[in-house]
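Working notes for the structure below.
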Amino acid sequence: MRVLGVDPGLTRCGLGVVDAQAARRITLVDVSVARSRPDDDVPARLAAIADALEEVLDEHRPEAVALERVFAQHNVSTVMGTAQISGVVMLAAQRRGLPVALYTPSEVKAAVTGSGTAGKQQVGAMVARLLGLAEMPKPADAADALAIAIAHAWRGGAAPTSSRASTDAQRRWVEAERAARRRG
């Protein structure tokens, strides 16, 4: 399955595409950061991000879109920009008939590192390791987009928890999902 992960932002929007194979193996397809100019008006900024998103969707043709869920912050303008870009992403996916999954930052961190409280450095390092990259994708928005795509690719447990193909973090993610389903 090919997954587009999106770390939404009005100034910088991370876009990461991965292919997920059996046994939770993932391969990097593409990673980029769409940018808009902070001094432009909001409609122009939304259009700039939307254009970059459309290019990635057209070029890589993902089967699913995974998006970081907007969460409350003290900075209302940051939340508004993130929410606006999230809407742009959902609309583009809907128009293509692509399913959209939303993940909280702690769900993504737990999926990739095994800890929902991991820092950006730890997430970036684990993304690089999982994808076999020599260094962490930069800026952090790029690494975060890939982490979101990976979280979605692993959702549902592609490898059995006893498999040597899965890492400790992957096994803990599968176990946490099972426990959450049991709790209902």
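Within region 46-65, does at least one residue satisfy the condition of being more than 22 Å from Val17 (Cβ to Cβ) and touching a residue at least 40 places away in the same chain (Cβ under 8 Å)? Taking every residue of region 46-65 in turn, none turns out to be more than 22 Å from Val17 (Cβ to Cβ) and touching a residue at least 40 places away in the same chain (Cβ under 8 Å).
Based on what the data block shows, is Ala50 at pLDDT 95 or above, among the hydrophobic types (A, V, I, L, M, F, W, C) and under 17 Å from the mean Cα position of the chain (by Cα)? When the stated conditions are applied, Ala50 passes them. Looking only at region 66-77, filter to residues that are surrounded by 14 or more Cβ atoms within 10 Å (Cβ to Cβ) and not small (Gly, Ala, Ser); which one of those is nearest to Ala140 (Cα to Cα)? That would be Glu68.
Of all residues assigned to region 58-65, none qualifies as being open to solvent by 30 Å² or more (accessible area, probe 1.4 Å) and in contact with a Ser or Thr (Cβ under 7 Å, 6 or more places away or on another chain).
Here's the yes/no breakdown for (1) modelled with pLDDT of 95 or more; (2) small (Gly, Ala, Ser); (3) not in a helix (DSSP H, G or I):
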residue	(1), (2), (3)
Leu67	yes, no, yes
Phe71	no, no, yes
Val79	no, no, no
Val89	yes, no, no
Gly97	yes, yes, yes
Glu107	no, no, no
Ala111	no, yes, no
Thr117	no, no, yes
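With the requirement that a residue be in contact with a helix residue (DSSP H, G or I) (Cβ under 9 Å, 6 or more places away or on another chain), assigned to a helix (DSSP H, G or I), open to solvent by 40 Å² or more (accessible area, probe 1.4 Å) and more than 14 Å from Val88 (Cα to Cα), what does region 11-46 give you? Correct list: empty. Considering (1) open to solvent by 30 Å² or more (accessible area, probe 1.4 Å); (2) farther than 15 Å from Leu146 by Cβ; (3) touching a residue at least 60 places away in the same chain (Cβ under 8 Å); (4) of a type in the set (A, V, I, L, M, F, W, C), the lone condition that Val89 does not fulfil carries the number (1).
The values are calculated or read from the model by the stated rules, or taken from the named source; none is laboratory data. No experiment lies behind these values; they were computed from the predicted model shown. In this analysis, Cβ positions are derived from the backbone assuming ideal geometry, glycine residues included, and neighbour counts consider all displayed protein chains. Quick note on the areas: whole protein, heavy atoms, side chains included, nothing else; ligands and nucleic acids left out. Shrake-Rupley method; radii C 1.70, N 1.55, O 1.52, S 1.80 Å.
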